[in-house]
1. May I ask you to list the residues in segment 135-174 that are free of Cβ contacts under 8 Å to residues at least 60 places away in the same chain, in a strand (DSSP E or B) and over 19 Å from Gly224 (Cβ atoms)?
2. Could you list all residues from segment 94-126 that are among the charged types (D, E, K, R), free of Cβ contacts under 8 Å to residues at least 12 places away in the same chain and surrounded by 12 or more Cβ atoms within 10 Å (Cβ to Cβ)?
3. Name the residue that is nearest to Leu184 (Cα to Cα), counting only residues in segment 224-257 that are aliphatic (A, V, I, L, M) and crowded, with 18+ Cβ neighbours inside 10 Å.
4. Kindly evaluate Leu216 against the criterion of being of a type in the set (A, V, I, L, M, F, W, C) and in contact with a Phe, Trp or Tyr (Cβ under 6 Å, 6 or more places away or on another chain).
5. How many residues, within segment 159-217, are within 15 Å of the chain's Cα centre (by Cα) and surrounded by 12 or more Cβ atoms within 10 Å (Cβ to Cβ)?
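Every number in this text was worked out from the coordinates using simple rules, so none of it is lab data. Computed from a predicted model, the values in this text were never measured in an experiment. Because the Cβ atoms are built from the backbone with ideal geometry, glycine has one as well, and the counts that use them run over all protein chains shown.
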Amino acid sequence: MIPPNLPDPMSRSASQTDPPRADPTDGLHYLGMRDYIAGRIAAGALKAGDRLPSERQLQTAGGVARGTIRQGLFQLEAEGVIYRRDRSGWYVSPPPVVYDPTRWEGFMSYVEAQGREPSTETLSAESIVADAMLASVFGRPAGAPLYLIRRRRYIDGRAVLVERIVVDAALAPDLLRFSFDQSLTSILRQAYGLSVSRNQVTMQPCALTREEAEALKVKSGLPGLSVVRTSFDAQGRVVEYDHEFWRHDALRISVDIRVR
C-alpha cells in the first residue's frame, strides 16, 4: 500500500513529483533518490511508521537501477530516517526517545514519560563466574558467582536495544527465580533492599556486530550506540553492570546542565 500523498510509483504517467530519473553518467545520482524520499518525509507526505513503496515500485517510477535505489535507501537508513522490517519493507523511523544520562530513571519510566510504550523481552538468564574483567568491576575474586541476564527492549513494538546485565549473586541470592520482563531495578529494591545511589555511564558509537544486529533485526555493521552503566549503592558496592547496544536512530542524548 502506498502511503497517502505519495505518487503511485506504478503509475505510467510521469509528473514533477515522481522520483528523479537518473543520469547514468552521474556517480552520485543515488543521492537524488535519497533527497526525494527525505523531502517527502520532511514535507509530511510520509509520516513516522508509514511504509515506503517497494524497491521495485520506486525503480519502475524513477527509471533508476535497483542498485541505485538501494544505495539511496541505505543512505537514509544510516542517517536514521528510515528502517527495515524483515520481509515487510522500509518504514519511516519514529522519533527517538530522549535520554539524560545524568538522571537516574529506568527505561520503562523515561519511555512512558515521553508518551511511548516500552516493553521488555528476556532472552536468557543464567549463572556465570567472574572473569578478570568482571572481577575488577565488582571488586570480587575471579571465579565469584554472578548472574548474567540478556534482554531485548522495545518502544512501540519496535526492538531498539539489547542489553547484558551482570548482578553480583552475593547481593541477590536466588535472583533467577524472578521474571526479568519487568523492572530489574524494582526487583533488586523490593526483594533485596538494593537501591542505586550513583551511576557511572560511558557511551560511544559502535557498529552492531552479528549478535546484536540479529537480536535487533538489522543488518550487521550498521551504526549503533554502546552504553555501559555501572550502578553503585550507598555503600559503594556494584549493584549491576549493564552493557546496552542501541539502534542509532532510537535514542537522542540530552543533558540539562545548570551553571552556578
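1. Within segment 135-174, Pro145, Leu146, Tyr147, Leu148, Ile149 qualify.
2. Keep residues of segment 94-126 that are among the charged types (D, E, K, R), which gives 100, 103, 105, 112, 116-117, 121, 126.
Checking the rest, the ones that are also free of Cβ contacts under 8 Å to residues at least 12 places away in the same chain come to 103, 105, 112.
Passing the criteria: Glu105, Glu112.
3. Of segment 224-257, the ones aliphatic (A, V, I, L, M) are 225, 227-228, 234, 238-239, 250-251, 253, 255, 257.
If we keep only those that are crowded, with 18+ Cβ neighbours inside 10 Å too, we end up with 225, 227, 238-239, 250-251.
Numbers: Leu225: 22, Val227: 17, Val238: 14, Val239: 11, Ala250: 22, Leu251: 21 Å.
Top of the filtered list is Val239.
4. Working: of a type in the set (A, V, I, L, M, F, W, C): yes; in contact with a Phe, Trp or Tyr (Cβ under 6 Å, 6 or more places away or on another chain): no.
Criteria not met by Leu216.
5. Residues of segment 159-217 within 15 Å of the chain's Cα centre (by Cα): 159-164, 203-217.
Checking the rest, the ones that are also surrounded by 12 or more Cβ atoms within 10 Å (Cβ to Cβ) come to 159-164, 203, 206-209, 211-217.
Residues meeting the conditions: 18.
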